[in-house]
């Protein structure tokens, strides 16, 4: 322990003062080493970010209602009309907040800025840093929700407050919605709003998570725009058997039959099928990566049955998942006693289905892939429709222009998410969604231990979204 009183008794010369300052920094630890040369707007965003992170909104605790009320209090304190700030409770302890910055009254429909404020679970025992404390350390922000999705939530709130303080009147209303239970909880906030209060969130289109920039060794590589996402659907593969005593094995073992079916499903490759978004993605990515991979991508674009090119591109899992529907076994359950033949063996196969592909066709393929194994394959519910959003000049062209302003030469690449976001609810309701943030990451670890993002990237994303939203809400947009 540092004896600060003894240190302060040192002669007060310049060297001693420097030593004292260094000791204070060490004593306070790295988390205290905060960037101090922030603009007014960066400090505002940081303050909002810190407040959101330190409200535990994981599902075991709840907290999205508390977080929504905290954001509403900020907005009302900034002079937003109470009629334009709505907190909606979707379940006990779970809530959304929706705020509207009124435009000039033009006929343009609003734009909606969407971010979820629930987070996945985080056991402090699994982290080396406290998950629900906002920590700035070594040029990174740490905390659960830092990358998914409270960074964008904080930016949206801070930027909307900035616009109001600056007296900006957009040509169209700007809506910000921070919502509950995107991470799989039982009371999805977006679904609730669309069913119960669509008037609050009806818009021309939505800006959401799912995009973001790629960073490599500090260099900005591409600014990705999510304009499509796969449909999520589980399938149950099951084998049953009369069973018996394990001392008298029989050849038609339920576990063996299930294993045979899963090997067939695992070896099966769904056909390649590109849409407008993935065609744009591979076209632009081919130019970006170049070399043999770029050449093979161009071959796939020219011929979606070119098996040699498909096999080469598929060696990179992210590219493979964007070309086709993908299915993978994720859960197993079999047998009932260590000394009995299994009477039942079951597996869950999770599929991420292309937006324009019929789940019933996927079911037929899985049954065929299971071969002659004695199993049943059934859909577990249904998939929510999520049609691709059109790549309009209004949206994509504006994103390209603002990207060029901030990072000259960095390409904008439309992409299809291999996972799912709340965007699917809006797309299903006929409202296009674009995942775009201007937040560039090298190795994002959303949902991981010590979740973090670069401090510099957070402030860059804040400025990008400020410019983008102002541009999209200007009178020249039509």
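Here are some notes:
- Residue match in the stretch 162-171 (condition: assigned by TED's automatic domain parsing to the domain that holds residue 446 and surrounded by 24 or more Cβ atoms within 10 Å (Cβ to Cβ)): no
- Test: residue in the stretch 360-377 that is more than 31 Å from the chain's Cα centre (by Cα), farther than 17 Å from residue 275 by Cα and loosely packed, with under 13 Cβ neighbours inside 10 Å: yes
- When residues of the stretch 243-258 are limited to those that are part of a helix (DSSP H, G or I) and either touching a residue at least 60 places away in the same chain (Cβ under 8 Å) or not assigned by TED's automatic domain parsing to the domain that holds residue 344 (or both), the one nearest to residue 347 (Cα to Cα): 258
- Within the stretch 386-411, considering residues that are surrounded by 23 or more Cβ atoms within 10 Å (Cβ to Cβ) and within 18 Å of residue 228 (Cβ to Cβ), the one modelled with the lowest pLDDT: 386
- Taken as a whole, the condition of being in a loop (DSSP other than H, G, I, E, B) and assigned by TED's automatic domain parsing to the domain that holds residue 461 does not apply to residue 373.
- Hits in the stretch 221-233 (condition: over 14 Å from residue 361 (Cα atoms) and part of a strand (DSSP E or B)): 221, 222, 223, 224, 225, 226, 227, 228, 229, 232
- Strands (runs of 3 or more DSSP E) fully within the stretch 50-116 counting 3 or more residues that are under 19 Å from the mean Cα position of the chain (by Cα), crowded, with 24+ Cβ neighbours inside 10 Å and in contact (Cβ under 8 Å) with a residue 24 or more places away in the chain: 111-116
- Sub-6 Å Cβ pairs linking a first residue in the stretch 299-311 that is farther than 21 Å from residue 268 by Cβ to a second residue that is at pLDDT 95 or above and surrounded by 12 or more Cβ atoms within 10 Å (Cβ to Cβ), at least 6 apart or interchain, are 299/306; 299/309; 301/282, ordered by first then second residue.
- Qualifying residue in the stretch 125-132 (condition: in contact (Cβ under 8 Å) with a residue 60 or more places away in the chain, in contact with a strand residue (DSSP E or B) (Cβ under 8 Å, 6 or more places away or on another chain) and either buried (at least 24 other Cβ atoms within 10 Å of the Cβ) or under 21 Å from residue 454 (Cβ atoms) (or both)): yes
- Being outside any loop (DSSP other than H, G, I, E, B) and in the same structural domain as residue 183 (by TED's automatic domain parsing) holds for only one residue in 397, 430, 419, 409, and it is 397.
- Top-ranked residue in the stretch 318-335 [being touching a strand residue (DSSP E or B) at 6+ places or on another chain (Cβ under 9 Å) and surrounded by fewer than 17 Cβ atoms within 10 Å (Cβ to Cβ); ranked as farthest from residue 276 (Cα to Cα)]: 335
- So residue 138, is it over 14 Å from residue 113 (Cβ atoms), in contact (Cβ under 8 Å) with a residue 12 or more places away in the chain and surrounded by fewer than 18 Cβ atoms within 10 Å (Cβ to Cβ): yes
- Scan of the stretch 427-443 for residues that are surrounded by fewer than 20 Cβ atoms within 10 Å (Cβ to Cβ) and within 18 Å of residue 224 (Cβ to Cβ), ordered by number: 432, 441, 442, 443
The values are calculated or read from the model by the stated rules, or taken from the named source; none is laboratory data. Worth saying up front: this structure is predicted, and the values here are computed from it rather than measured. FYI the Cβ positions are ideal-geometry reconstructions off the backbone, even for glycines, and counts take in every protein chain you see.
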